[in-house]
Amino acid sequence: QTCALPICIRAVFLKLRDLKLAALQGLDAEGGVKAAEGALRQLWTETILPDGDSQSPRPVEELLGSGPILWIFDGLDEVFLPDQRALVTKAIEKQVRLAPGTGRQQDRFLVTSRVQGYFDPEVEFNDDFFEMEIRKLEFDESCRFIRLWFPEAERVEFPQNPEAVEKEIGRAHV
C-alpha cells in the first residue's frame, strides 16, 4: 500500500488526551459514540480557535477551504479508560467514513497510539485503517515514558483521591 500525501496538505494536530470525556459516563453505545463525536468536534474547534473565539467561524472556514487536511489524532492510548477509548475509536472511524461525502475526499487521517492502548479487541479500528509500528523505545526512553505516563493515568483513574495518588507516585521508582 502507498501512503502518499496530496501536495499542499495542511496538518491539524489533535491531542486526544485533551478530550473532555466526562459526558461519556453511563451512556449506551450509540449515545456514547455521539458524545465522543461531540468531544472530538469541541477539541477540533479549540485547537483551531485556541483563544476561545468560537463566535468567529472564519479560521475554520479558511482551514476547510485551503485544501486537503492531514488529521492527526495523537495519543489514543492516552484515553485511559477502555470503554471511552472504544467510543473515541468508533467516532474517529465515523469521521473517516463520512469525509468523502462532505467533499473532504483528499483528507487523510493518522491515529497514533502506543501499542499498550491498542490490544483491547473493542478498541481495534476496522479494516480501513493500516497499522504500522514505528520503532521500539530504548531503555532510557522506556523509563522516561513510565515515569511520565503512569502518574497521569493514576490521576485520571482515581481523581477522587489525589493525595493518595501523589503518595504512591512518590514511592514508585523506575
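Can you give me the solvent accessible area of LYS15 with a 1.4 Å probe, rounded to the nearest 10 Å²?
For LYS15, solvent-accessible area is about 80 Å².
Mind listing the phi-derived Karplus ³J(HN,Hα) values for region 82-90, rounded to whole Hz, using 6.51, -1.76 and 1.60 with θ = phi - 60°, and x for any glycine or proline?
Per residue, the Karplus-derived 3J(HN,Hα) values read x, 5, 5, 4, 5, 5, 5, 4, 4 Hz.
Determine the gain in length on full extension of the stretch LEU110-LEU27; use 0.36 nm per residue of separation and subtract their C-alpha separation, reporting nm with one decimal. List each step's numbers first, then the result.
Details: separation 83, 0.36 × 83 = 29.88 nm, distance 2.69 nm.
Gain on stretching LEU110 to LEU27: 27.2 nm.
The values are calculated or read from the model by the stated rules, or taken from the named source; none is laboratory data. Nothing here was measured: the structure is a model prediction, and the numbers come from that model. Ligands, DNA and RNA are excluded from the accessible area calculation, which covers all protein heavy atoms including side chains. Shrake-Rupley method; radii C 1.70, N 1.55, O 1.52, S 1.80 Å.
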